Amino acid sequence: MRLKGYLRENGVVGIRNHLLIIPSSVCASTVAWRIAEQVEGAVALPNQHGCAQIKPDLDVTFRTLAGLGKNGNIGAVLVIGLGCESLDTEALARDISSSGKDVEYLVIQKAGGTLSAQEKGLKIARKMSQHVSRMEREPIDISQIILGLECGGSDTTSGLAANPSQGYVSDKLVRSGGTSILSETTELIGAEHILAERAISDEVATTLLRIVRECENKAKRMGVDLRGSQPTPGNITGGLSTIEEKSLGCIYKGGTMPLAGVLEYSEIPSGKGLHMMDTPGQDIESITGMVAGGAQIVLFTTGRGTPTGCPVAPVIKITGNPGTFTLMEENIDINAGTIIQGLESIEQVGEKIWDEMIDVINGRLTKAEALRHGEFGIYKLTSTF
Amino acid sequence: MKNPLIIIDPRDNVATALRDLHKGEDIEIPDMGILLSMIEEIPFGHKVSLQEIGKGDMIMKYGEIIGQATSYIPKGSHVHIHNIESLRGRGDLEGDLS
């Protein structure tokens, strides 16, 4: 198993080499997008936040944007700010540059407006694009990989076939010295006691149970039945009746390894092994959080079928539903429906996903990448003010 | 999974259909001592009751509680949101938590 990736200045490795254009607020998103559109290798984050947010919520947005900039898959970063937003553009650029990579920033109000900012930004981005293009893949080790574990559009095949296969891959990566991140706190409701038993310490178990309790209480404060948002109408059509049933199937994607730690949304793990990140069950926000936390690659199981990708990391899609694979083959990379049909075992499909993951690490595009799917969303603690 | 349905844990009182199961169809899983007659249509991926389940009884899948019966469920029935409910995240059942 030979792996090749990009060695970054701070020891982090990347498996892609994007030039990332980050708007520090929604007001700079159009300019950022227009610059990315015209420069080879550039990708812009369609940020919807960054202003009029209360401090703890703004901190989450800052940490997420900074984490995405620092992700190993990014070769250089251009931050674009409007100039008067809550999120400090210069501070964001400075935080990302602590990773040692090439970072510059630009403020629209100082540049003289849209056209002037675009012109200046294009000149910077053109130079960065050429600089990034000179970087070459070098040998890396599997232990340097952080894998994000996601499921979305689940049905009952997710818990029976796709998630256990994903769990097999997570276990194999952790045994090889790597890191995997389980996510979606909402989808632990009803299954948290099982995961808590695998915690490496009482502290980890207590933190895990606390984040699930807080998530459930937040939902309860709305005064309605969680059903309808969790499980979603699509989950229900697929046979899932309650959040407990969905959660018990979801946790299979975390495999069987001990739970080494619990991370805040977008927090970068300090050690190796299986971690749980406190993210919502909303797939896009969950993936964004894990990738901001350093995940260079994401495995995504889906029973109903979803086209989801990510602007920063490749997303490999797996379905346990044979009908969904036939119907949405253009979006789904791996068919785990063969488990339901009795044609393959969980281990066989797990090995197939592992091989695909190695190929993708080495540069093969996933279907979501080939179709330029770059869904993006940052989790918010509360409304804007 | 050659069987038309799967029982994940011996403690379970529901099984999951691995193909559409039809009303009147009899299914036998000899190694689990199961003989089941479908009293209604069970779509692919949906659950069927393996035994009579009383109103208020716990529904077991994966050997764990996935909810509670909201009505009496005869053996061989479609088990879903019309006859079971969640015990978690029920803001509708609790008072003001703020």
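What residues of region B:61-86 lose no less than 10 Å² of accessible area with every protein chain in place versus their chain by itself (probe 1.4 Å, heavy atoms only)?
B:61, B:62, B:64, B:65, B:66, B:80, B:81, B:84, B:85, B:86
In vacuo Debye scattering of chain A, one point per C-alpha: log10 I(q)/I(0) at q = 0.12, 0.13, 0.15 Å⁻¹?
Results for chain A at q = 0.12, 0.13, 0.15 Å⁻¹ read -0.89, -1.04, -1.33.
What dipole magnitude, in Debye to the nearest 20, does region B:5-85 give about its Cα centre under +1 on Lys/Arg Cβ and -1 on Asp/Glu Cβ?
Computed about the Cα centre, the dipole is about 160 debye.
Cα centroids of region A:17-42 and region A:236-305: how far apart, whole angstrom?
28 Å
Each residue of region B:78-89 in turn: what ³J(HN,Hα) in whole Hz from Karplus with 6.51, -1.76, 1.60 and θ = phi - 60°, glycine and Pro shown as x?
Residue by residue, region B:78-89 yields 6, 10, 7, 5, 7, 9, 9, 9, 6, 9, 10, x Hz.
So what are the radius of gyration and Dmax for the Cα set of region A:77-193, in Å?
Considering region A:77-193 through its Cα atoms, Rg and Dmax are 21.3, 57 Å.
Sort out for me the Cα centre separation of region A:68-110 from region B:33-98, rounded to whole Å.
Comparing the Cα centres of region A:68-110 and region B:33-98, I get a distance of 51 Å.
Binned at 10 Å from 0, what are the whole-percent values of the Cα-Cα distance distribution for region A:3-138, short to long?
14, 46, 31, 8, 0
Where both residues lie in chain A, what percent of DSSP beta bridges are antiparallel, nearest 5?
For chain A, the DSSP antiparallel bridge percentage is about 10.
Enumerate lysine pairs in chain B that are 8 or more residues apart or on different chains, then count those whose Cα atoms are under 22 Å apart.
So the count works out to 10.
If you roll a 1.4 Å probe over region A:2-97 with all protein chains in place, what percent of the accessible area is carbon or sulfur?
53 percent
Which net charge results when you count Lys and Arg as +1 and Asp and Glu as -1 among the other residues whose beta-carbon is under 14 Å from that of residue A:14?
+1
With a cut-off of 8 Å between alpha carbons and a minimum separation of six or more residues, what is the relative contact order of region A:232-304 in percent?
Dividing the mean separation by the residue count of region A:232-304 yields 26 percent.
Could you work out the longest stretch of chain A that avoids the GluC sites (Glu not before Pro) located in DSSP loops with at most 12 other Cβ atoms within 10 Å?
Answer from the scan: A:198-329.
I want to check a number: in region A:209-356, how many lysine pairs have alpha carbons closer than 19 Å, given a sequence separation of 8 or more or different chains?
Lysine pairs meeting the criterion: 7.
Compute, for residue A:105, the solvent-accessible surface of its heavy atoms (probe 1.4 Å) with the complete set of protein chains present, and express it in square angstrom to the nearest 10.
Spelled out: residue A:105, probe radius 1.4 Å, area about 90 Å².
With θ taken as phi - 60° and the coefficients 6.51, -1.76 and 1.60, list the Karplus ³J(HN,Hα) couplings across region A:234-240 in order, rounded to whole Hz; mark glycine and proline as x.
Working through the residues one at a time gives x, 4, 5, 4, x, x, 7 Hz.
Once you've got the GNM for chain B with C-alpha springs shorter than 10 Å, pick whichever of B:87, B:18, B:36 has the biggest mean-square fluctuation.
It is B:87.
Put A:246, A:218 in order of accessible area, largest first, 1.4 Å probe: what do you get?
In descending accessible area the options line up as A:218, A:246.
Please list, in chain and number order, the residues 5+ apart from residue B:13 or on another chain whose amide H is under 5 Å from its amide H, with Hs placed from the backbone.
Distant-sequence amide H within range of residue B:13: B:60.
In a shell of Cβ-Cβ distance under 14 Å around residue A:58, excluding residue A:58 itself, what net charge do Lys and Arg (+1) and Asp and Glu (-1) give?
Taking every Cβ under 14 Å from that of residue A:58, the sum is -2.
Specify whether the C-alpha gyration tensor of region A:1-51 places it in the rounded, prolate or oblate class, a ≥ b ≥ c being the square roots of the eigenvalues: rounded for a/c under 1.5, otherwise prolate if a/b is larger than b/c and oblate if not.
prolate
Per DSSP helix of 4 or more residues, -39500 (n - 2.57); summed, then divided by the residues of the protein assembly as shown. What does that give at 222 nm, rounded to the nearest 500?
-9000 deg cm²/dmol
Estimate the FRET efficiency between residue A:2 and residue A:380 by the formula 1/(1 + (r/R0)^6), using the beta-carbon distance for r and 45 Å for R0, to the nearest 0.05.
For residue A:2 and residue A:380, the calculated efficiency is 0.60.
If each residue of separation counts as 0.36 nm, what is the full-extension length gain between residue B:75 and residue B:40 once their alpha-carbon separation is subtracted?
Stretched fully, the residue B:75-residue B:40 segment lengthens by 11.6 nm.
Roughly what would the spin-label model give for residue A:329 and residue A:268, points 7 Å off Cα along C-beta, in nm?
Going from the residue A:329 label point to the residue A:268 one covers 4.2 nm.
Which percent of Cα pairs goes in each bin when the distances of region A:219-288 are cut into 5 angstrom slices starting at zero?
Per 5 Å bin, starting at zero, the Cα-Cα P(r) for region A:219-288 comes out as 3, 14, 18, 22, 20, 13, 8, 2 percent.
Once you keep just the Cα pairs under 8 angstrom separated by 6 or more residues, what percentage relative contact order results for chain A?
Reported as a whole number, the value is 21 percent.
Summed for both chains, how many Å² of accessible area, to the nearest 100, are buried between A and B with a 1.4 Å probe? Please list the in-between numbers first.
Numbers: alone 15770 and 6220 Å², together 19220 Å².
Counting both chains, the buried surface is close to 2800 Å².
Ordering A:57, A:278, A:202 by accessible area with a probe of 1.4 Å, largest first, what comes out? Don't skip to the answer; put the middle values down first.
Values: A:57 0, A:278 50, A:202 130 Å².
Result, largest first: A:202, A:278, A:57.
At a probe radius of 1.4 Å, what is the per-residue accessible area of residue B:11, in Å² to the nearest 10?
Approximately 150 Å² of residue B:11 is accessible to the 1.4 Å probe.
Would you mind telling me which residue in A:242, A:326, A:30 has the biggest mean-square fluctuation in a Gaussian network model of chain A, where springs connect alpha carbons within a distance under 10 angstrom?
Highest fluctuation of the listed residues: A:326.
What's the local net charge at residue B:24, with K and R +1, D and E -1, over the other residues with C-beta under 15 Å away?
-4
5 Å is the cut-off here: which amide hydrogens, built 1.01 Å from N in the peptide plane, fall below it relative to residue A:79, excluding neighbours closer than 5 in sequence?
A:22, A:104, A:105, A:106
Kirkwood hydrodynamic radius of region B:5-85 from all distinct Cα pairs, in Å?
It is 12.3 Å.
The values are calculated or read from the model by the stated rules, or taken from the named source; none is laboratory data. These numbers come from a predicted model, not from an experiment. Positions of Cβ are backbone-derived with ideal geometry, glycine not excepted, and every protein chain shown enters the neighbour counts. For accessibility, only protein heavy atoms count, side chains too; no ligands or nucleic acids. Shrake-Rupley method; radii C 1.70, N 1.55, O 1.52, S 1.80 Å.
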